[in-house]
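In what follows, a single structure is set out as structure tokens and then discussed.
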């Protein structure tokens with residue numbers, strides 16, 4: 001059983017990475033399986049597009065979600081694309097048996113992009129605080145996660161994907177670098193709100209939104225986020 005668990009924040013190439021792993025013949029990808037659980041159980045959060053659709057289409061019980069993932073992993077390598085803030089505790093014991101990858105992006109770029117869909121996010125909406133907490137939990141438990149960065153990835157996707165595969169002890173496949181335009185069957189029903197860039201892509205590329213300005217009213221959130229980002233950036237796998 002091999003479960004590759006991507007712990008990400010929004011707007012940081014996590015969907016592109018899911019598309020990358022979806023090209024592998026030996027891997028099945030899951031798109032944010034804990035999303036409905038988060039929406040149902042987390043009361044203090046922003047309103048998300050398609051909330052009712054998500055709640056009606058995904059499993060809500062965390063125990064059942066975990067059981068389904070582990071059942072699938074009996075026959076396939078499973079790649080989970082998930083959001084850090086969908087974990088509602090700081091010590092989710094069930095991920096200790098998984099191979100965890102934390103994906104980060106500079107929070108100023110993240111906030112500039114994220115605010116186009118959710119206008120007034122808080123520190124808890126963007127995942128970086130939770131990602132830092134999960135990194136500490138996993139490291140102290142002896143399961144140090146791999147930390148990767150979207151800016152490092154985009155420097156040279158071929159080299160970085162090879163490095164990631166090496167770290168995960170899986171064979172690299174050149175198929176991971178390209179995909180067809182449009183969605184994949186595993187896309188969540190929220191794709192119409194969030195996945196426009198990746199649907200228009202055929203591989204890893206700098207997004208058109210990468211240089212857009214962050215709204216000035218989000219500066220306090222940025223200052224909070226930088227504290228957590230600066231903890232994690234010291235552990236980033238470099239793309240030298």
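Every read-out reported here was derived from the displayed coordinates using simple, explicitly stated rules and does not represent laboratory data. Keep in mind it's a predicted model, so treat the numbers as computed, not measured. Using ideal geometry, Cβ is built from the backbone for each residue, glycine included, and neighbour counts are taken over all protein chains shown.
Annotations for the structure displayed:
- Normalised contact order of the chain, rounded percent, pairs of Cα under 8 Å and 6 or more residues apart: 29
- Antiparallel beta bridges, as assigned by DSSP with both residues in the chain, represent about 5 percent of the total such bridges.
- Given their separation in residues at 0.36 nm each and the Cα-Cα distance between them, residue 226 and residue 186 gain 11.2 nm when the chain is fully extended.
- Principal axes of the stretch 2-233: Cα extent on each, largest first, Å: 47, 37, 37
- Ranked list, fewest to most other Cβ atoms within 10 Å of each Cβ, for 20, 113: 113, 20
- Ratio of the Cα radius of gyration of the stretch 11-64 to 2.2 N^0.38 Å, where N counts its residues: 1.33
- Put the Cα centre of the stretch 220-235 next to the Cα centre of the stretch 16-49 and the gap is 23 Å.
- Sorted by Cβ density within 10 Å, fewest first, the residues 227, 240, 187, 149: 240, 227, 187, 149
- Going from the residue with the fewest nearby Cβ atoms within 10 Å to the one with the most, 27, 122 rank 122, 27.
- The Kirkwood radius of the stretch 106-172, taken over pairs of alpha-carbon atoms, gives through the Stokes-Einstein law at 4 °C and 1.567 mPa s a diffusion coefficient of 92 µm² s⁻¹.
- Tail fraction, Cα-Cα pairs, the stretch 169-240, threshold 20 Å, whole percent: 59
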